[in-house]
Amino acid sequence: QVKFMKSKPGAAMVEMADGYGVDRAITHLNNNFMFGQKLNVCVSKQQAIMPGQSYGLEDGSCSYKDFSGSRNNRFSTPEQAAKNRIQHPSNVLHFFNAPLDVTEDNFYEV
């Protein structure tokens, strides 16, 4: 679950499935840069996100989203989570299981 904070613009709370996920997020994301902004990732005093009343963000999207049922959630089962290759953020694109005929030009097209 992700909830953007109305009282703190630019801040969001993210609920992870377990403490190990929290530790990984802090280790890999804290003090890194994304889109020119330094990320500050820390543990919240709150144990869970309460959906409550959401509001519209500047781009028109909702301030609350639950990704737990998303097919793109790579951590929804222990079997899926075991297949993940966790990497520190870098300027390198890690791409696995590419077809043999993929070229650099194909990536530029994407």
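A few notes on this one:
- Some residue of the range 1-10 being farther than 16 Å from Phe67 by Cβ and of a type in the set (Val, Ile, Thr): no
- Residue in the range 37-47 that is touching a residue at least 40 places away in the same chain (Cβ under 8 Å) and part of a loop (DSSP other than H, G, I, E, B) present: no
- Of all residues in the range 55-78, those satisfying the criterion of being among the polar types (S, T, N, Q) and under 12 Å from Ala17 (Cα atoms) are Ser68, Asn73, Ser76, Thr77.
- Ala12 vs. criteria among the aliphatic types (A, V, I, L, M), touching a strand residue (DSSP E or B) at 6+ places or on another chain (Cβ under 8 Å) and in contact (Cβ under 8 Å) with a residue 12 or more places away in the chain: no
- Only one of Val92, Val41 that is within 19 Å of Phe4 (Cβ to Cβ) and within 19 Å of the chain's Cα centre (by Cα): Val41
- Test: residue in the range 33-43 that is at pLDDT 90 or above, of a type in the set (A, V, I, L, M), out of contact with any Cys (no Cβ under 9 Å at 6 or more places or on another chain) and within 15 Å of His88 (Cβ to Cβ): yes
- Test: residue in the range 51-70 that is in a helix (DSSP H, G or I) and surrounded by 10 or more Cβ atoms within 10 Å (Cβ to Cβ): no
- Single residue of the range 74-110 satisfying the filter (polar (S, T, N, Q) and not in a helix (DSSP H, G or I)) that is nearest to Ala25 (Cα to Cα): Gln87
- Candidate set from the range 1-14 (those that are of a type in the set (D, E, K, R) and in a loop (DSSP other than H, G, I, E, B)); member that is surrounded by the most Cβ atoms within 10 Å (Cβ to Cβ): Lys6
- Identity of the residue in the range 15-24, in contact (Cβ under 8 Å) with a residue 12 or more places away in the chain and part of a loop (DSSP other than H, G, I, E, B), that ends up surrounded by the fewest Cβ atoms within 10 Å (Cβ to Cβ): Ala17
The values are calculated or read from the model by the stated rules, or taken from the named source; none is laboratory data. What you see is a predicted model; the values in this text were computed from it and never measured. Cβ atoms come from the backbone with ideal geometry, glycine included; neighbour counts cover every protein chain shown.
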